[in-house]
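A.B. asks: After the structure tokens below, expect a handful of questions from me.
The values are calculated or read from the model by the stated rules, or taken from the named source; none is laboratory data. Keep in mind that this is a model prediction, so the values were computed, not measured. Methodologically, a virtual Cβ is constructed for each residue, glycine included, from the backbone with ideal geometry; neighbour enumeration extends over all protein chains shown. The area values use the complete protein model at the heavy-atom level, side chains included, leaving out ligands, DNA and RNA. Shrake-Rupley method; radii C 1.70, N 1.55, O 1.52, S 1.80 Å.
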Amino acid sequence: MRILYIDHHAAAPSAGGDCRALQLAQHWQQCGDEVTILTAGYSHRRGSNPTLQEDMTERRIDGVRFCYLNTPCYAHGVGEYRKSVQAFLKKLYLSAPQLVERYRPEIVIAASGYPYDFFCAQRMAKLARGKVVFELREVWPELQRELYPAEDSRLSSCIAEYAMDYALRGADTVVSFLQKGEDYCRGKGTRVERMVTLPAPMPPQASAQPLKEADAAALAELQKRCGTVVAYAGHLTARRMPELLAETVGELREQGVGAVIAGNGGYKLLLRRKIRENGWDNILLLDALSERRQRTLYGMTDLIYYGDNRLSDAPYGAYAPLLLRMMQSGKPLLLATNGAENDAEKAGCAVSAASLTPQGLGEALKRFLEMSPEQRAALGRHAADGLRARHDPEQVARDYRSSLLLLWV
């Protein structure tokens with residue numbers, strides 16, 4: 001098969017970000033397929049972006065052909081991001097004839113997360129007399145209303161609803177990484193021609209790298225004073241609720257609980273001020289760590305915190321590569337999420353907060369403290385077992401390819 005895979009944010013492990021597109025393409029190529037990943041020149045989700053001089057620049061990355069459409073850099077914000085999406089979509093639509101002539105795709109996959117790229121993918125598929133596939137990973141209209149309630153007009157909301165409904169109805173196959181994608185479509189009253197539900201592939205695991213000497217010394221000092229240490233490493237944003245972890249651990253200081261929070265972002269100043277004002281000497285703040293150093297940090301602590309306050313996609317099983325990366329550590333997880341439709345709950349490797357409050361998270365943490373060493377170790381094993389059983393990248397790619405073969409034949 002000749003496959004054109006459209007993903008605005010596609011990235012290689014060396015660039016950071018979501019490597020799903022690359023993982024799928026590598027396996028499909030091993031099966032004899034010809035795959036091209038079509039992506040934007042700039043994405044805020046990558047750690048690094050390529051320097052481009054012109055549109056449709058090709059790069060060979062880890063054996064896979066990437067084709068970049070030159071898009072402007074932007075500061076991470078709703079307005080600038082939407083301008084980037086518009087620039088990418090405009091070039092994608094206008095360049096469709098040239099892209100079809102160059103790559104002659106038999107299957108075009110719209111996989112950017114938002115539904116608007118489906119219109120471009122459908123145009124290319126018609127020009128190439130091929131089939132079109134839509135990936136469902138986020139309930140886009142609902143998510144936009146949740147994230148930007150003040151910015152979104154009724155017109156914008158109607159456009160997003162129409163685009164999502166059109167993509168779900170118009171695709172020859174919908175590949176859903178939402179485990180209850182069928183429930184979502186049923187609730188919208190959208191009739192889908194064919195839907196295939198797949199687990200998300202676990203991301204590539206970075207090799208461990210030692211912490212910086214000062215960070216390692218600070219962590220060792222914290223562990224001397226605290227019998228149990230919780231770790232979080234990632235962006236410090238409202239979605240991840242790092243302040244919830246800080247407040248919870250701060251209240252449990254007398255019970256020998258500590259936390260290390262590594263990352264940068266708007267919440268860091270708030271956390272630093274709270275820690276100082278409350279005298280929480282059992283909380284260690286570190287600068288952002290690479291994925292290699294995050295793996296080392298997780299291996300040195302007792303459990304890992306994962307927070308996600310989104311409401312929109314929680315009922316359907318959120319697509320969460322970050323959660324899968326945390327599970328790769330083989331450690332127990334401390335969860336603060338809306339709903340129980342997540343991969344850690346299904347694997348049985350987490351203790352979960354009943355509510356997104358210091359009291360709710362504190363009760364979950366106390367349950368962990370009451371566990372024996374054997375019970376804690378079992379949680380970690382469940383994480384590794386769950387990944388192997390459900391999220392093996394090669395198996396996901398095989399199942400995905402099987403659904404494409406039905407269209408190709």
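A.B. asks: Express as a percent, rounded to the nearest 5, the fraction of DSSP beta bridges in the chain (both residues included) that run antiparallel. Each step should come with its number before you reach the end.
C.D. replies: On the way: 5 of 50 bridges.
If we restrict to bridges inside the chain, about 10 percent are antiparallel.
A.B. asks: Okay, next question. Using a 1.4 Å probe and counting only protein heavy atoms, arrange 215, 385 so the residue with the most accessible area comes first.
C.D. replies: 385, 215
A.B. asks: Which residues in the stretch 296-328 place their backbone N less than 18 Å from a point set 7 Å from the Cα of residue 371 along the Cα-to-Cβ direction?
C.D. replies: 298-307, 323-328
A.B. asks: Using DSSP to call loops (not H, G, I, E or B), can you name the GluC sites (Glu not before Pro) in the stretch 268-373 whose Cβ has at most 14 other Cβ atoms within 10 angstrom? Each step should come with its number before you reach the end.
C.D. replies: Working: sites: 277, 291, 341, 345, 363, 370; in loops: 341, 370.
Sites meeting the loop and neighbour criteria: 370.
A.B. asks: For the chain, take every pair of Cα atoms, bin their distances at 10 Å starting from 0, and report each bin as a whole percent.
C.D. replies: It works out to 5, 21, 31, 25, 14, 5, 0, in whole percents.
A.B. asks: Can you list, largest first and rounded to whole Å, the semi-axes you get for the stretch 43-131 by taking the square root of 5 times each eigenvalue of its Cα gyration tensor? Before the final figure, lay out each step's value.
C.D. replies: On the way: eigenvalues 102, 55, 27 Å².
After scaling each eigenvalue by five and taking roots: 23, 17, 12 Å.
A.B. asks: Evaluate the charge dipole of the stretch 352-406 about its Cα centre and quote only its size in Debye, nearest 20, assuming +1 on the Cβ of each Lys and Arg and -1 on the Cβ of each Asp and Glu.
C.D. replies: On the way: 8 positive and 7 negative charges, 11 e Å.
Dipole magnitude for the stretch 352-406 comes out near 60 debye.
A.B. asks: Then there's this: In what sequence, largest accessible area first, do 280, 408 appear using a 1.4 Å probe?
C.D. replies: On the way: 280 30, 408 120 Å².
Solvent-accessible surface, decreasing: 408, 280.
A.B. asks: Oh, and also: Can you tell me, using C-alpha contacts under 8 Å and at least 6 residues apart, the relative contact order of the stretch 191-348 as a whole percent? Could you put the intermediate results ahead of the total?
C.D. replies: On the way: 237 pairs, mean separation 43.3, N = 158.
Once divided by the residue count of the stretch 191-348, the mean separation gives 27 percent.
A.B. asks: Sequence neighbours fewer than 8 away in the same chain don't count; with that in mind, list the lysines whose C-alpha is under 20 Å from residue 346.
C.D. replies: Correct list for residue 346: 180, 331.
A.B. asks: When Rg is the radius of gyration of the Cα atoms in the stretch 109-155 and Rh is its Kirkwood radius, what does Rg/Rh come to?
C.D. replies: Values: Rg = 13.5 Å, Rh = 12.0 Å.
Result for the stretch 109-155 is an Rg/Rh of 1.12.
A.B. asks: How many angstrom lie between the Cα centre of the stretch 108-173 and the Cα centre of the stretch 330-385?
C.D. replies: 34
A.B. asks: If the viscosity is 0.890 mPa s and the temperature 25 °C, what translational diffusion coefficient in µm²/s does Stokes-Einstein give for the stretch 253-374 when Rh comes from Kirkwood over Cα pairs?
C.D. replies: Answer, rounded: 158 µm²/s.
A.B. asks: Could you tell me which GluC sites (Glu not before Pro) in the stretch 145-218 are loop residues by DSSP with no more than 12 other beta carbons within 10 angstrom of their beta carbon?
C.D. replies: Values: sites: 146, 151, 161, 182, 193, 213; in loops: 151, 193.
Within the stretch 145-218, the qualifying GluC sites (Glu not before Pro) (loop, at most 12 other Cβ atoms within 10 Å) are 151, 193.
A.B. asks: Out of every Cα pair in the stretch 249-324, what percent are spaced more than 17 Å from each other? Each step should come with its number before you reach the end.
C.D. replies: Numbers: 1628 of 2850 pairs.
Considering the stretch 249-324, 57 percent of its Cα-Cα pairs are separated by more than 17 Å.
A.B. asks: Additional query: Using the charge dipole of the chain (Lys, Arg: +1 at Cβ; Asp, Glu: -1 at Cβ; taken about the Cα centre), state which of 357, 85, 282 has its Cα farthest towards the positive end.
C.D. replies: In the chain, that residue is 85.
A.B. asks: Follow-up. In whole Hz, what ³J(HN,Hα) sequence does the stretch 341-354 give by Karplus (6.51, -1.76, 1.60; θ = phi - 60°), x for Gly and Pro?
C.D. replies: With the stated coefficients, the stretch 341-354 comes to 8, 9, 5, 5, 4, 5, 7, x, 10, 9, 10, 10, 6, 6 Hz.
A.B. asks: Straight-line reach only, C-alpha to C-alpha below 22 angstrom: list the lysines that residue 83 could link to, leaving out same-chain residues fewer than 8 apart.
C.D. replies: 91
A.B. asks: For the chain, with every protein chain kept in place, what is the accessible area per residue (1.4 Å probe, Å²)? Let's see the in-between values first.
C.D. replies: Numbers: 17700 Å² over 409 residues.
I get 43 Å² per residue for this part.
A.B. asks: In the full protein assembly as shown, how much of residue 190 is accessible to a 1.4 Å probe, in Å² to the nearest 10?
C.D. replies: Result for residue 190: roughly 10 Å² accessible.
A.B. asks: Let me ask another. With every atom except the alpha carbons ignored, what do you get for Rg and Dmax of the stretch 319-409, in angstroms?
C.D. replies: Computed over the Cα atoms of the stretch 319-409, radius of gyration and Dmax are 16.2, 56 Å.
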